[in-house]
């Protein structure tokens, strides 16, 4: 059993108040895969250029990520240069060079086509739909997107969402996509467009899960130091999808636990640059942090009455 | 048993995207008292001018709030004029006329002096300290403040905090007061200054409780419509202090429940202007919303292992 992820593999140059790195492994598919690899087999589809370092390939192979679908094209790898100030919730992008990613056309290898879980990371919604046409009736499809596609390809995105079960976006994107300021109204609109679950990422404020049945509010881990938040959203999606695939259980109770595992992986992601922390975790550390989230949110039911 | 609250009683003129009201009952002590009155007897100390309408006095009396300490002075009542856009987390102040509040010197009536719980709402920290000198060894003292005092009276505030058990402020104030950007570092600093508990209010993102032992993250209620957030912070403090006084229990478990009752009262507060919603609640509604918060945050512990 496995998860197919289609997204970007990039070389990131990142500056935060705590340091700087040049051309490190980045991209939505890299973060997603590394996080999800603790829970499930991963089939990755992305594109890199001739300059993509072998060490990154080895790192992903070391996490047992299937790279059959990693296309290597003439030209340079997608590069992103960004910086964070002390408000680590928001990156300032200095440059984005799509390079080989600009002409990326996802080709799903035959041995990936029966993947029961599919994560469509943030790429052109027309390509996301094309991926769904190549796979054989997956059990669960989740999708991420961004303001660029909401602004430029709103109709294609609406069409793709009709075939998606779980939409994972951030708060501003949910508002932008629906033109609804109130989150609850935005959530109701999005749930009427196709997905039966909506996950709203709120950075250092945690995440919300909306279904037609209920709302679940998950906190963010209170971190000693957010070293680099790049990839936190994709690491979240990796922990979330990974746990669901691991248990093959999409009851409300299981989805809530999956949201917490997403939050767990996002918190580890922020502890170092690139996938440095994410790639060398133990199961003990992951389960321990899950329990810390319980401790962070638990409160007792009322026993007496407050009436007086 | 009772709570002494010292703060402002004001006449507010407020505009939100949903409507506008003129000279309605406002002020920290009004919101706090109304919310806390469901849980505890309230002794209020504040000042109003000759123009203060009898209907507001009657409303507070109707909630059994003791108004012995409500001074009536020559002049006009404190007036605030403000407006909210769609981001209801932040008010734009059009005018603040302190009027009689400018020369407010809290006088604690004799029958208030044994109040076991004291809430020092947002006033000059020198006056807050003076209040503590007038009362007889309270069991629990909580304090709120704002950027104005942090900028202008930082030293007096530090001195007053030495005598405070629970500090209740918002996220930006915690950072400003400690000059620490990271919330956890700010929290540790504040807990070293006197209080054994720190409550950080985060508006529509909920609240955090820090003690030397642990951290608790409480969500905000996901509201259909935030009608007017004015007074939400003081309503929160009212529900929080009220529940603690109601149960006379300051164990960690009880403080966590108190944070939820604070969140419950803040959510009701936002459903209408002034104390309109807050002043006509039933215990059934309050307890029902507490249970909704449980539903909003509950997730199951791990039963199996994620190892594979």
request  = Considering only region B:259-293, state which residues are out of contact with any helix residue (DSSP H, G or I) (no Cβ under 8 Å at 6 or more places or on another chain) and within 7 Å of another protein chain (Cβ to nearest Cβ).
outcome  = B:283, B:287
key: Which numbered condition residue A:249 misses (of (1) over 23 Å from residue A:224 (Cα atoms); (2) within 8 Å of another protein chain (Cβ to nearest Cβ))   = (2)
Residue within region A:87-99 that is out of contact with any strand residue (DSSP E or B) (no Cβ under 9 Å at 6 or more places or on another chain), surrounded by fewer than 20 Cβ atoms within 10 Å (Cβ to Cβ) and more than 30 Å from residue A:140 (Cβ to Cβ) present = yes
request  = Restrict the check to region A:193-201 and report whether at least one residue is touching a residue at least 24 places away in the same chain (Cβ under 8 Å), surrounded by 16 or more Cβ atoms within 10 Å (Cβ to Cβ), assigned to a helix (DSSP H, G or I) and touching a strand residue (DSSP E or B) at 6+ places or on another chain (Cβ under 9 Å).
outcome  = no
query = Can you pull out the residues in region A:15-37 that are surrounded by fewer than 24 Cβ atoms within 10 Å (Cβ to Cβ), touching a strand residue (DSSP E or B) at 6+ places or on another chain (Cβ under 9 Å) and part of a strand (DSSP E or B)?
reply = A:15, A:16, A:20, A:21, A:22, A:23, A:24
ask   = Do any residues in region B:274-290 that are free of Cβ contacts under 8 Å to residues at least 60 places away in the same chain have Cβ atoms under 7 Å from those of residues that are surrounded by 14 or more Cβ atoms within 10 Å (Cβ to Cβ) and part of a helix (DSSP H, G or I), where the two are at least six apart or on different chains, and which pairs are they?
value = B:277/B:268; B:277/B:269; B:290/B:260; B:290/B:261; B:290/B:264
task = Scan region A:207-228 for residues that are closer than 20 Å to residue A:174 by Cα and in a loop (DSSP other than H, G, I, E, B) and report the count.
result = 5
key: Leading residue by the ranking (farthest from residue A:271 (Cα to Cα)) among those in region B:202-229 that are touching a residue at least 60 places away in the same chain (Cβ under 8 Å) and facing chain A (nearest Cβ under 7 Å)   = B:225
request  = Would you mind stating whether residue B:43 is at pLDDT 95 or above and either surrounded by fewer than 18 Cβ atoms within 10 Å (Cβ to Cβ) or within 14 Å of chain A (Cβ to nearest Cβ) (or both)?
outcome  = no
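The values are calculated or read from the model by the stated rules, or taken from the named source; none is laboratory data. This structure is a prediction, so every number in the text was calculated from the model and none was measured. Note that we place each Cβ from the backbone using ideal geometry, even for glycine, and neighbour counts take in every protein chain shown.
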